[in-house]
Amino acid sequence: MTVKLTHPPSLGINVKRVAFGANAGDCSAEIMDRLSRALSGSNVEILDRRTARQTGSGPGSAVLVVVNIGRCDSERRRDYTDSTNLDGSSVRTFNAVIVTHIRGSLQAVDMATGRVFSTNPLDQDPEFANHSTEHPPDFPSEDAARDDALGQAASGASRIFLPWNEEKQISFFNDKECNLASAWALLKGGDLNGAARQSEENLATCPAWPKVKESAIAHACYNAGLASLLLHENEKALGYLRQSAKLKGGDLVAEAIALADLSAQLEAEAQQVAERTKTFEQEHESAGGASQPDPSKGPSATVQDRLIKLNELLKQGLISQQEFDAKRAEILKDL
């Protein structure tokens, strides 16, 4: 059976509005474009950067995304591998491999305060290969390899802002003893709640079966735990699975307990993200009525201070080069 685990966004808040700042380096614009499509497809509002600066406060305050790529290239390599057939004969396989390297980072900035939420690496090295046992093959399409690497980089970046699912495969017992097969039939038919009820009933009646083995009771405990895990009832699942471990144990039970522990951990993390998001939005909502000060102005700031702050805004991607030049000229007039 498949157990689906939902990971919360690594940023630590549920982002509702995103603006994209200046990008730097080969592939950066393409990664930002793919990320923008992924976010908008998940109901995240994509804002124009200038609009985001003007509406930086309020519920779901905008997060500015800045992508910097230092390396985006491909390399080719030819090699071979030797293996032995069942009849003892040797086989040489020729390989033509393209490896695409992406090295960079993604920075997430609170548009309202300028605070950097996080700086995350964007590193990918996917391989594409053609193989032949007769002669050295042609290389794969370099465009296809590059497209795959960009897709992986954008997918990794989307996990910073969006929840993502992980699937794990795990076994479910369908023994005739203790009527475990009936719960399996319900589970196979997609009736998770029915399978959970049947598994608990099986566990309750199993000890009364004639000449029942301890291993059968352990299987019944395991099934009840796994059915609860599929329903994301993590504490109940752990209780049943630990009972199974005491009776018989084994790799399957240990794996299921680890999954239940991870599921409980992710559930707690999701709750923390929801609480942090609520606090984040309340803080920005309370500041929404106040006008946002221009960090490059102020009666107590010297021209040097204002230029330093302005340069910081440019580095963070909060203003464009054109805006920087215009503001700089304005500040220098005060000299």
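The values are calculated or read from the model by the stated rules, or taken from the named source; none is laboratory data. This one's a predicted model, so the numbers in the text were calculated from it and none came from an experiment. When we count neighbours, we look across all protein chains shown, and the Cβ atoms used for this are built from the backbone with ideal geometry, even at glycine.
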Cβ-Cβ under 8 Å pairs, at least 6 apart or on other chains, the stretch 263-279 side closer than 20 Å to V3 by Cα, far side of a type in the set (V, I, T): S263/V3; L266/T6; A270/T6
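Quick grid of which residues meet (1) touching a residue at least 12 places away in the same chain (Cβ under 8 Å); (2) of a type in the set (G, A, S):
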residue	(1), (2)
A183	yes, yes
R197	no, no
C206	yes, no
V212	yes, no
S228	yes, yes
H232	yes, no
E235	yes, no
Complete set of residues in the stretch 247-261 that are in contact (Cβ under 8 Å) with a residue 40 or more places away in the chain and surrounded by fewer than 17 Cβ atoms within 10 Å (Cβ to Cβ): E255
S61, sole failed condition from (1) within 30 Å of E127 (Cα to Cα); (2) modelled with pLDDT under 90: (1)
Filtered residues of the stretch 133-174 (kept if surrounded by 17 or more Cβ atoms within 10 Å (Cβ to Cβ) and not in a helix (DSSP H, G or I)): F139, P140, L162, F172, F173
Single match in A149, A157, A153, A144 (criterion: under 30 Å from D123 (Cβ atoms), without any contact (Cβ under 8 Å) to a residue 24 or more places away in the chain and within 25 Å of the chain's Cα centre (by Cα)): A144
Enumeration of residues in the stretch 104-118 that are among the charged types (D, E, K, R) and surrounded by fewer than 17 Cβ atoms within 10 Å (Cβ to Cβ): R115
Of the criteria (1) modelled with pLDDT of 95 or more; (2) in a helix (DSSP H, G or I); (3) surrounded by fewer than 17 Cβ atoms within 10 Å (Cβ to Cβ), which one R76 fails: (2)
Every residue from the stretch 219-231 that is buried (at least 18 other Cβ atoms within 10 Å of the Cβ) and either of a type outside the set (S, T, Y) or out of contact with any Leu (no Cβ under 8 Å at 6 or more places or on another chain) (or both): H219, A220, C221, N223, A224, G225, L226, A227, S228, L229, L230
Only one of S228, S244 that is closer than 19 Å to N174 by Cβ, at pLDDT 95 or above and in contact with a Lys or Arg (Cβ under 7 Å, 6 or more places away or on another chain): S228
